[in-house]
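Asker: Right, I'll just put the structure down here and ask away after.
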Amino acid sequence: MFKLALAPRWIAALLLVLAVAFGFVMLSKWQLNASTLGQVSADPAKEVVHPWESVLIEHEPLTTTEADTMVSATGKYVPGSSYLVAEKLHEGEKGYWVMSEFTPDDGAQVTAAGKVQQRSIAVARGWTASPEIPQEPSGEVTIAGRVVANDAPFYSSDLTEEEKTQGRTLGSASAAQLSNIWDVPLYGALLTNDAEVPASEKLPLNEDGTLSDSATILGQSEQLKPVHAQQVTDEEVNWLNIFYALEWIVFAGFAVYLWWRMLRDSYREQNNPALYFEYEGEYWLDEESGRYYYWDPADQQYYFFDDVPRDDRAGNDGKLHQ
């Protein structure tokens with residue numbers, strides 16, 4: 001069979017099959033990569049506190065590369081700007097985020113309708129279980145926290161009757177919505193607060209630039225706690241893609257098996273034609289070609305078994321039927 005496999009037509013067929021199998025293997029690799037495409041791993045570099053200007057850029061959306069980065073900013077809270085955002089969890093307990101307008105000292109200025117305004121940051125100052133809105137810190141403060149994306153839309157009709165009557169409770173935290181409420185230009189993402197100190201003091205940072213566990217917010221109490229947002233991670237594997245990857249490997253193996261099976265059948269047909277033809281007469285082996293042949297009395301000539309004559313040449317004597 002090895003000698004037959006070295007025939008040009010079988011080598012060409014093998015090369016074609018290997019090319020097809022290689023394509024199937026590449027498709028399997030693509031499916032494997034797709035199975036983990038949605039995974040997001042925590043980035044230690046994002047735990048280092050960066051200047052807020054490196055992440056919050058005017059007219060630029062928050063990308064996945066920059067999301068969850070810790071930043072710091074110095075400026076002032078706008079008195080009376082705070083709103084509550086419902087359905088926020090803290091250590092498994094439902095409560096509210098306190099969203100406040102924060103104007104950084106070095107924020108960009110915006111001119112609209114002849115009016116100059118400074119672009120502000122929507123800051124989730126802290127989490128509270130109480131529906132009462134705490135007062136914003138006065139004077140200049142330095143804050144540090146994680147930059148996160150806006151919440152998905154949440155209709156006010158989904159709020160409870162008690163939350164509706166409070167008047168300053170929102171269903172979701174969104175810079176676009178808060179920009180309309182405060183009538184001020186905002187940066188496109190939110191900052192979840194983890195630390196606040198007077199501007200004259202330094203933030204409690206570790207040697208590696210990360211925020212210390214001892215960090216607190218001004219006015220912190222049992223009612224108001226730092227948000228402590230975590231980096232978004234997703235280690236889930238798409239098992240449907242894994243199944244498709246295995247399927248392509250099976251197809252690749254089947255392509256090679258099909259070539260081998262056709263080669264084997266061809267070899268058997270050449271060496272034992274009785275397995276493939278119902279022939280009751282005598283037949284012989286041609287030593288030079290290695291092929292079997294027989295005498296066809298209807299045509300009065302010899303034929304190789306792989307050169308089968310027309311069906312009408314197989315007479316009623318039962319000599320040859322493929």
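Asker: Relative to the Cα centre, what is the charge dipole magnitude of region 14-132, using +1 at the beta carbon of each Lys and Arg, -1 at the beta carbon of each Asp and Glu, and rounding to the nearest 20 debye? Please list the in-between numbers first.
Answerer: Working: 8 positive and 14 negative charges, 60 e Å.
It works out to roughly 280 debye.
Asker: Please give the FRET efficiency for Gln117 paired with Ser138, using the beta carbon to beta carbon distance and R0 = 22 Å, rounded to the nearest 0.05. Let's see the in-between values first.
Answerer: Working: r = 21 Å, r/R0 = 0.95.
After rounding, the FRET efficiency stands at 0.55.
Asker: Could you check how much of the accessible area of region 14-137 is carbon and sulfur, as a whole percent, using a 1.4 Å probe?
Answerer: Whole-percent figure for carbon plus sulfur exposure: 59.
Asker: Taking the Cα centre of region 94-147 as origin, work out the dipole magnitude from +1 charges on Lys and Arg Cβ and -1 charges on Asp and Glu Cβ, in debye rounded to 20. Walk me through the intermediate numbers first.
Answerer: Details: 5 positive and 6 negative charges, 52 e Å.
Magnitude of the dipole: close to 260 debye.
Asker: Expressed in nm to one decimal, what extension gain is obtained for the pair Gln301 and Glu236 from 0.36 nm per residue of sequence separation less their Cα-Cα distance? Working shown, then result.
Answerer: Details: separation 65, 0.36 × 65 = 23.40 nm, distance 7.14 nm.
Stretched fully, the Gln301-Glu236 segment lengthens by 16.3 nm.
Asker: For region 133-148 and region 198-232, compute the distance between their C-alpha centroids and round to whole Å.
Answerer: When both Cα centres are located, 10 Å separates them.
The values are calculated or read from the model by the stated rules, or taken from the named source; none is laboratory data. This structure is a prediction, so every number in the text was calculated from the model and none was measured. Every residue, glycine as well, gets a Cβ built from its backbone with ideal geometry; the counts of neighbours run over all protein chains shown. The area values use the complete protein model at the heavy-atom level, side chains included, leaving out ligands, DNA and RNA. Shrake-Rupley method; radii C 1.70, N 1.55, O 1.52, S 1.80 Å.
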